[in-house]
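In what follows, a structure is listed as structure tokens, so that the remarks can point back to it.
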Amino acid sequence: MRSLLLLALALTAALGARSATQQPEPDAAFRTEQLRYSRVREAYAQYQGPVRALLRRHGVAPEQLELFVRAFKIGRRVEVWGRNRGAGPFGLLRTFALAGTSGTLGPKRRAGDGQIPEGFYAINRFHPNSQYLLSLGLDYPNAADQLRTPAGLDPGDNIFLHGSDVTVGCLPITDAGIRELYVLAVEARAAGQASIPVYIFPFELTADQLARRPLGTHLAFWQELAPGYQYFETHHELPTVKVAATGTYVVR
């Protein structure tokens, strides 16, 4: 039974990678629904103008906005990249300081370990009434995480980008930061981006940085992630990421 589950998860991940290239229809109703909430209205009152100006400076039309988020534990930063949907390379729009961290370098493997995940994720839900003001949920545990979780163990869940500077495995970027990012994310969703990729790395996965890391620990895992980091660094385009039946990432 477990082998069938693992195979199903791997196939789901591969199909997800293919479907990510399809362009969904714009969904302006999503913005309207979000603006029913007072915290979202407050964020828009404060940041709609600056966000529109930011996009104009980078030549991005709000109705075509496509986002990509990249986070680094060392350096404690969350980068937000954008472009007109499907048109050319991504450009860096904003960098937010990671206002708090927990755990150590390395992936999250079980509930309660305090680890911030590492790997290839996506924003898949919006919380307009979060415990930490506003929050954007990640699809942790993804197929890779579930395939690598030993039978009977709980990998945990509920990993968010959110406000404040408090964290036990999440990515806090202050209240001001999450207001601005939330507006950007709602605009991207309204423009038709159903899933916003979020890549979380321990550090810049260059050959030089990896060579400094001792054998053992998480080196083999980081070497799996490195092609995804390096592809984006070279092209400012997103690679194709799939998950093998073993739970390892395969980047093309």
Exercise. Could you give the accessible area per residue of the chain, probe 1.4 Å, as a whole number in Å²?
Worked result: 45 Å²
Seminar exercise, completed: Percent relative contact order for the range 66-142, counting Cα pairs under 8 Å at least six residues apart, stands at 17 percent
Problem set entry | More than 17 Å apart - percent of Cα-Cα pairs taken over the range 90-224 | 63 percent
Seminar exercise, completed: Here the FRET efficiency for Phe203 versus Gln48, based on Cβ atoms and R0 = 41 Å and rounded to 0.05, is 0.75
Exercise. Could you give the nm distance between label points at Asp165 and Leu153, where each point is 7 Å from its Cα heading toward the beta carbon?
Worked result: 3.3 nm
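Let me spell out the model: positive unit charges on the Cβ of Lys and Arg, negative unit charges on the Cβ of Asp and Glu, origin at the Cα centre of the range 28-231. What dipole size does that give, in debye rounded to 20?
380 debye
Stretch Arg36-Arg110 to full length: gain in nm at 0.36 nm per residue minus the Cα-Cα span?
23.1 nm
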For this session: Grab the Cα-Cα distance for Leu210 and Glu63, subtract it from 0.36 nm times how many residues apart they are, and report the gain in nm with one decimal.
Result: 49.0 nm
Seminar exercise, completed: Connecting every pair of Cα atoms under 10 Å apart in the chain and solving the GNM, the largest mean-square fluctuation among Leu98, Leu55, Leu215 falls on Leu215
For this session: Can you check what the Kirkwood hydrodynamic radius comes to for the chain, Cα pairs only, in Å to one decimal?
Result: 18.7 Å
Exercise. Is the range 157-196 best put as rounded, prolate or oblate by its Cα gyration tensor, with a ≥ b ≥ c the root eigenvalues, rounded for a/c under 1.5, and otherwise prolate when a/b is larger than b/c, oblate when not?
Worked result: oblate
Problem set entry | Pairwise centroid distance, computed over Cα atoms, of the range 47-74 with the range 137-202, Å | 18 Å
Problem set entry | the chain: relative contact order in percent, alpha carbon pairs under 8 Å with at least 6 residues between | 25 percent
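The values are calculated or read from the model by the stated rules, or taken from the named source; none is laboratory data. Note that this is a predicted model, so its numbers are computed, not measured. Cβ sites come from the backbone with ideal geometry, for glycine too, and all protein chains shown count toward neighbours. These area figures cover heavy atoms from the full protein model, side chains too; ligands, DNA and RNA do not enter into them. Shrake-Rupley method; radii C 1.70, N 1.55, O 1.52, S 1.80 Å.
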